[in-house]
Amino acid sequence: MAIHRHQAGTVELTAKERFYREVIHGLSSTPKYLPSKYFYDAAGDRLFQQIMQLPEYYLTRCEHEIFVKQTKALAAPLLQQFETFDVLELGAGDATKSTHLLRYLNDSAKDFTYYPIDISENVIRLLENEMPQRIPGLEVHGLNGDYFDMLAKSYDLSNRNKLVLFLGSNIGNFKRDEAERFLQALNYHLQPGDMVLIGFDVKKNPKDILAAYNDDSGVTKAFNLNLLKRINCELGADFNLTKFDHYPTYNPISGACKSYLISLQNQQVTIGEESFSFYKNEPVWTELSQKYAEREIDELAMRAGFKPIAKYYDSKDWFVDVLWER
Ligand code: AVI
């Protein structure tokens, strides 16, 4: 694939070139892996919407319950501490859960602006249209781009205190050291007194966790295989999807829930000019969904320089949203 060269010899990769490079790097590694961030093309977004409705996928329902039943408690520290503020949501998606909190804050007649941040332009456009209809009077300013670039931009737009939402156990898709670095970077981009509300999936009965990533209807399998479909469509590969199976695992000690694609036979796959051999039963690691114990979450707060303020569990204690202060 041709790479674009700019003045002074700097190389700037397009999104497609980066995708290609990361796929080639992952499949050239031992053991093979593919980055889960590439699950989310239009088909992947639709499949993830279906996953969130599955009876086995408890995460969304548990966090939704927290936002519905504990709205007042979630809002209390914010209303006590700030006169005016901004609410930023990283990876806002359809903002279903945050809508409950935003409606409560809006009804409290506080002066605030909601800044949904997402890498999808489409998501931002939809939220800018929809949110004021859901919550009349809500001020919405969508920011389309990289989380930290957009966070910095939000300070250019207003220097009010921030509440940053990072919900849905998105933090679980980072390795533990990556999560720590991400939270340190988040801390670096905030001002003293700012707050973050982060959704963590907690360690629980391993069977309940595994079932969430191995649903009976096969939606999670389709979601995992869609990554190969995307590589076929966008990078001209020739993966045969019927020759790979979905295999999730959960380690109750480490809390790592990992999904793999298993090659069902010895086979050769071509991506552009590259060719890759897969042996029968060879795994390709595609996703980490890390689960945390409460003590591990507190440690993470400390290592990233945040002060824990409050914890909001659902009624089963399966999911927690933690409020930390910078
Ligand atoms: C987006 N993320 C938090 C989901 C998770 O649970 O790791 C993605 C997902 N993968 C399989 N099912 C859902």
Item to check | Exposure of Arg18 as accessible area (Å², to 10), given a probe of 1.4 Å and all protein chains | outcome: 110 Å²
Checklist entry - Between Rg and the Kirkwood Rh of region 64-124, both from Cα atoms, what is the Rg to Rh ratio? => result 0.98
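Out of all Cα-Cα pairs in region 1-148, roughly what percent, to the nearest whole number, are more than 29 Å apart?
Working: 3762 of 10878 pairs.
Of all Cα-Cα pairs in region 1-148, 35 percent lie more than 29 Å apart.
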Next on the checklist: If you scale each eigenvalue of the Cα gyration tensor by 5 and take the root, what three semi-axes come out for the chain, rounded to whole angstrom and sorted largest first?
Outcome noted: 35, 24, 18
Next on the checklist: Considering only C-alpha atoms, what is the centroid distance from region 162-178 to region 268-326, in Å?
Outcome noted: 8 Å
Checklist entry - Can you give me the relative contact order of the chain as a percent, contacts being Cα pairs under 8 Å and 6 or more apart? => result 20 percent
Checklist entry - log₁₀ I(q)/I(0) of region 143-258 at q = 0.12, 0.21 Å⁻¹, via Debye over equal Cα point scatterers, no solvent, to two decimals? => result -0.67, -1.14
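In region 145-274, what percentage of the DSSP-assigned beta bridges are antiparallel, given to the nearest 5? Before the final figure, lay out each step's value.
Values: 10 of 14 bridges.
Expressed as a percentage, antiparallel bridges in region 145-274 total about 70.
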Checklist entry - Quick one: in region 227-288, what % of C-alpha pairs are over 19 Å apart? => result 36 percent
Next on the checklist: Computing the accessible area with a 1.4 Å probe over protein heavy atoms, can you report the carbon and sulfur percentage for region 60-145?
Outcome noted: 48 percent
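Hey, can you find the accessible area per residue of region 1-141 for me, probe 1.4 Å, expressed in square angstrom? If you can, show how the numbers build up before the last one.
Numbers: 7350 Å² over 141 residues.
Spelled out: the 1.4 Å probe surface of region 1-141, per residue, equals 52 Å².
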Next on the checklist: With n ≥ 4 as the cut-off for DSSP H runs, can you work out [θ] at 222 nm for the chain, using -39500 (n - 2.57) per run divided by the number of residues, rounded to the nearest 500?
Outcome noted: -13000 deg cm²/dmol
Item to check | region 58-159, relative contact order in percent, only Cα pairs under 8 angstrom and at least six apart counted | outcome: 25 percent
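Measure up Lys258/Lys280; Lys32/Lys175; Lys175/Lys243; Lys72/Lys110; Lys207/Lys258; Lys69/Lys291 against 25 Å on the Cα-Cα distance and list the ones that go over. Before the final figure, lay out each step's value.
Numbers: Lys258/Lys280 20 Å; Lys32/Lys175 16 Å; Lys175/Lys243 28 Å; Lys72/Lys110 14 Å; Lys207/Lys258 14 Å; Lys69/Lys291 23 Å.
Pairs exceeding 25 Å: Lys175/Lys243.
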Checklist entry - Once Rh for region 235-326 is found with the Kirkwood sum over Cα pairs, what is the Stokes-Einstein diffusion coefficient at 25 °C and 0.890 mPa s, in µm²/s? => result 148 µm²/s
Checklist entry - Rounded to the nearest 5, what is the percent of antiparallel bridges among the DSSP beta bridges in the chain? => result 60 percent
Checklist entry - Met52 accessible area, nearest 10 Å², 1.4 Å probe? => result 40 Å²
Checklist entry - Round to a whole number: what % of the accessible area of region 214-285 belongs to carbon and sulfur, probe 1.4 Å? => result 48 percent
Checklist outcome for this item: Counting sequence-distant residues (5 or more places) and residues on other chains, those with an amide H built under 5 Å from that of Tyr40 are none
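The values are calculated or read from the model by the stated rules, or taken from the named source; none is laboratory data. Predicted model, so just to flag it, every value in this text is computed and none were measured. Ligands, DNA and RNA are stripped out before the accessible areas are found, and what is left, the full protein with its side chains, is counted by its heavy atoms. Shrake-Rupley method; radii C 1.70, N 1.55, O 1.52, S 1.80 Å.
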